[in-house]
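The values are calculated or read from the model by the stated rules, or taken from the named source; none is laboratory data. Because the structure is a prediction, the values reported are computed rather than measured. For neighbour counting, all protein chains shown are included, and Cβ atoms are generated from backbone atoms with ideal geometry for every residue, glycine included. When the accessible area is computed, the model is the full protein with side chains, heavy atoms only, and any ligands, DNA or RNA have been set aside. Shrake-Rupley method; radii C 1.70, N 1.55, O 1.52, S 1.80 Å.
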Amino acid sequence: MHIEPGLVSAAKVAVANVAAVGLVGAHALQFVRQPQLVVRSLLAALFFSLFMQSFHLPAGPSELHFIGAMPIYLILGFVPTVVGFAVGLLVQGILFEPADLVNLGVNTLSLAVPLLVLHHTVGKRLDGLNVRNILQLDAIYYAGVALMVGFWLSIGETATPFAEWAGFAAHYLPVVLLEPLVTIALVGLLRPHAAHPALRLCTTLRTA
């Protein structure tokens, strides 16, 4: 989901940076009313970074990553996940890939916009965490990520063949199939202890 530096013009990157700051900042305002979201956002950034570093592979015009979006979203919540994406990408850029900082806003939007759409549609109507529901969430989310990458490629300075984007999108299929297993395992591990004060502070899990 990374967009390489130089692919998108500096002017478009600047617009993306402003949009990303606005999106993340608007949601971070909830920290004032819910200070526990700060803890959850830091945890989201940490786990997102660990997931991202655990597996990354060049795929066509972008990179394939294990993002861990659904376990983070379902365990820590929507706002912490959005903020965690931005903070995680910033930290990774500083520590591992300084060149990626150029497209920090672009890459943040690639992850946050699909989650925003997912949360305000299917996510808010979720009636339980079973394999079918989680597969649906993952399929919708990663389709959104693939479309966002396609969007950046379509407005890039260099023309990218459709076949290359399609190859990148197809590479995400194993992730869509694997991530629900990780999500179910983590939720199953944590849910019996959801009443513990530490988990009540750090997660959105419920005992039911």
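What is the magnitude of the charge dipole of the chain about its Cα centre, with +1 placed on the Cβ of each Lys and Arg, -1 on the Cβ of each Asp and Glu, and no other charges, expressed in debye to the nearest 20?
940
For the chain, set up a GNM with springs between Cα atoms under 10 Å and report which of Ile134, Ile184, Ile72 has the largest fluctuation.
Sorting by GNM fluctuation, first place goes to Ile184.
Please name which of Ala170, Pro197, Leu104 has its Cα lying farthest along the dipole of the stretch 75-208 towards the positive end, using unit charges on Cβ (Lys, Arg +1; Asp, Glu -1) and the Cα centre as origin.
Farthest along the dipole direction, towards plus: Pro197.
Find how many whole Å separate the alpha carbon centroid of the stretch 5-30 from the alpha carbon centroid of the stretch 76-98.
Answer, in whole Å: 14.
Please work out the FRET efficiency for the pair Val32 and Leu173, using the Cβ-Cβ distance as r and a Förster radius of 45 Å; give the result to the nearest 0.05.
Efficiency, from the Cβ-Cβ distance: 0.65.
Using a 10 angstrom cutoff on alpha carbons, build the Gaussian network for the chain and name the most mobile of Leu29, Leu186, Leu89.
Maximum fluctuation in the GNM of the chain, among the listed residues, is at Leu29.
Rounded to the nearest 500, what is the 222 nm mean residue ellipticity of the chain from helices alone, with -39500 (n - 2.57) per DSSP H run of 4+ residues and division by all residues?
Computed ellipticity for the chain at 222 nm equals -22000 deg cm²/dmol.
Between Arg132 and Ala198, what length comes free when the chain is fully extended (0.36 nm per residue of separation minus the Cα-Cα distance, one decimal in nm)?
Full extension of this stretch gives 20.8 nm more.
Of Ala112, Ala146, Ala14, which has the largest mean-square fluctuation in a 10 Å C-alpha GNM of the chain?
Taking springs between Cα atoms under 10 Å, the residue moving most is Ala14.
When every alpha-carbon pair in the chain is counted, what percent end up more than 27 Å apart?
28
Per 0.36 nm of contour for each residue apart, how much would the distance between Val122 and Val21 grow if the chain were fully extended, relative to their Cα-Cα spacing?
33.9 nm
How would Lys12, Lys124 rank on accessible area, largest to smallest, probe 1.4 Å?
Descending accessible area places them as Lys124, Lys12.
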